[in-house]
Amino acid sequence: MRRVVILGSTGSIGTQALDIIGRNPDQFTVVGLAATGREPTLLIDQCLDHRVPVVAVTGVSADDFRQQFRARAASRGQASVAEPEVITGAQAASRIAEISADVVLNGLAGAAGLEPTLAALRAGSVLALANKESLIIGGPLVKALAGPNQIVPVDSEHSALAQCLRAGRAQEVHRLVLTASGGPFRGWTAAQLAEVTPDQALRHPTWAMGPLVTINSATLVNKGLEVIEAHLLFDVDFPAIDVVVHPQSIVHSMVEFCDGSTIAQASPPDMRLPIAMGLAWPDRVPQATAACDWRQAQVWQFEPLDEEAFPAVRLARLAGSSGGTAPAVFNGADEACVAAFLAGRLDFPGIVRTVGQVLDEHLAAAGDDEPGRGWISGAQVELTHVLAADAWARRRATVLADSGVGGPG
C-alpha cells in the first residue's frame, strides 16, 4: 500500500490521480491533500471520499474550512467522518509535502511548486513530478537533493521517455525525441498569430489543462520547458534532444538508440496513464486507461517544428544551456506574460518576444547588484537567487508588457 500526498488536488492532475487511487484502493491510500480554497466543495468532497487525515489549504482560514467541512459532511450524510488536520498559510503546501508518505505527487502550477518539491525530496518521498517548473527553475538545487530514482516524471512526454529508456543502457542512447501536438495554431504564419485572441489560445485540440499550461502549449513555451526538463531528468545534452510535431498525440515521445533503433511509447491522449506510472513506478497500474484500438485504421503524422513562427523552443534551449538562474527568468517572465495576454495587455506573439527580451537582459547583466537582475551560474546558485530571479523576471516582463514594448513587432 503506497501512501500518497497530492499537491494541487483540485486541478486536472490531482482529480485524475484521485480517480486512479479510488479505483485501486488496494494499492494506494491518500494521506494528505493540498489545494487553494477556490474550490472548497470539491476539496472537501475529496477529503470525505478518501478519508484524508491532513489537508493544506490557502486562501481560507482553518476555522472557515472546518466549518465548511462540517456542513458538507452533514449534507452528504457523513457527519461522523473525522475532520482532517488543517494546515494553512503561505507554506502550507511545503509543510504537507514533508509528512510521512511514499509518494508526493506535485501537480501545482508554475514556480509555486519549487519549495514543495524541495520539501518532498528532503523528506525522502518519491516525487511524482507534474510540476515541471520546479525542476526547471531550481535545476541544480533539485538535482542536489534528489536520490537515485527519487524523481518520477508525470509529464506525458517524460513518462514516455522514461519507459522507452528501459529498452537500452544509457551509453546506447543517441537522442531523445519529444513530440508536440503543435497546439491550436499548427501551420499558422507569424502574421496570423498576431491576431490570436485568448479565447482561441485556450482551445487546445487534444488536452484539457489549466490556463497557464494551455497558453504555454499554444506558444510552444511548454515544449521548450520540456526540453529543459528532459535534459535535467535524463542527463542528455541539448543537441541530442529533438522536438517533432505529432498532432494526433498518440506517440508521446521516442528514444533513438545508437544502432538506429527507435523505441516509441504510444497510447491515447489520457493523462491518467503517466499519472499512474508516477504513483506506482516502476510498476504499472492495470487498466489505468484505455489502450490504442489496433482494429481501427489510423494515420499518424510527424512534422518538423516551425521555429520561425514558434521560436519558444529555441529560446528555451538558450535558457537551459545557460543554466543557473536563466531558466527561472525564462519561466517567470513567461508566467507574467501569459497573465498579461489573458488580461488583454499583450498580444500573442508578444508573449515569447517579451520573454526573449527579459532573458537577454538577464544574461547581459551578470554580476549586477540588483537582486535577480543579473545571471548567476549553476555552480553558485542558491534558493534565494532563484526566487529573486523569478521575482525580477515577473516585474520586468510586466513593465515591458504594460509599456507596449512586448506588443506587435
Note down all Cβ pairs under 6 Å where the first residue falls in the range 9-31 and is in the same structural domain as residue 92 (by TED's automatic domain parsing), the second is acidic (Asp, Glu) and surrounded by fewer than 23 Cβ atoms within 10 Å (Cβ to Cβ), and they're at least six residues apart or on different chains.
10/39
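Tell me, yes or no, whether the range 176-189 has at least one residue that is within 16 Å of residue 346 (Cα to Cα), in a helix (DSSP H, G or I) and out of contact with any Phe, Trp or Tyr (no Cβ under 7 Å at 6 or more places or on another chain). Explain how you work it out, then say what you get.
Filtering the range 176-189 for residues within 16 Å of residue 346 (Cα to Cα) gives none.
No; the residues of the range 176-189 include none that is within 16 Å of residue 346 (Cα to Cα), in a helix (DSSP H, G or I) and out of contact with any Phe, Trp or Tyr (no Cβ under 7 Å at 6 or more places or on another chain).
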Sole exception among (1) of a type outside the set (Phe, Trp, Tyr); (2) modelled with pLDDT of 95 or more; (3) farther than 20 Å from residue 175 by Cβ for residue 308, by number:
(2)
Every residue from the range 322-352 that is over 20 Å from residue 112 (Cα atoms) and out of contact with any Asp or Glu (no Cβ under 9 Å at 6 or more places or on another chain)
322, 343, 344, 349, 350
Looking at the range 142-169, which of its residues are surrounded by fewer than 21 Cβ atoms within 10 Å (Cβ to Cβ), farther than 28 Å from residue 116 by Cβ and in contact (Cβ under 8 Å) with a residue 40 or more places away in the chain?
167, 168
Listed residues 203, 186; which is within 23 Å of residue 16 (Cα to Cα) and surrounded by fewer than 23 Cβ atoms within 10 Å (Cβ to Cβ)?
203
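One line per residue, one yes/no per condition, for (1) surrounded by 15 or more Cβ atoms within 10 Å (Cβ to Cβ); (2) in contact with a helix residue (DSSP H, G or I) (Cβ under 9 Å, 6 or more places away or on another chain); (3) of a type in the set (Phe, Trp, Tyr):
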| site | (1), (2), (3) |
| --- | --- |
| 274 | yes, yes, no |
| 304 | no, no, no |
| 307 | no, yes, no |
| 317 | yes, yes, no |
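The values are calculated or read from the model by the stated rules, or taken from the named source; none is laboratory data. Worth saying up front: this structure is predicted, and the values here are computed from it rather than measured. With ideal geometry, Cβ positions are generated from the backbone for all residues, glycine too; neighbour counts draw on all protein chains shown.
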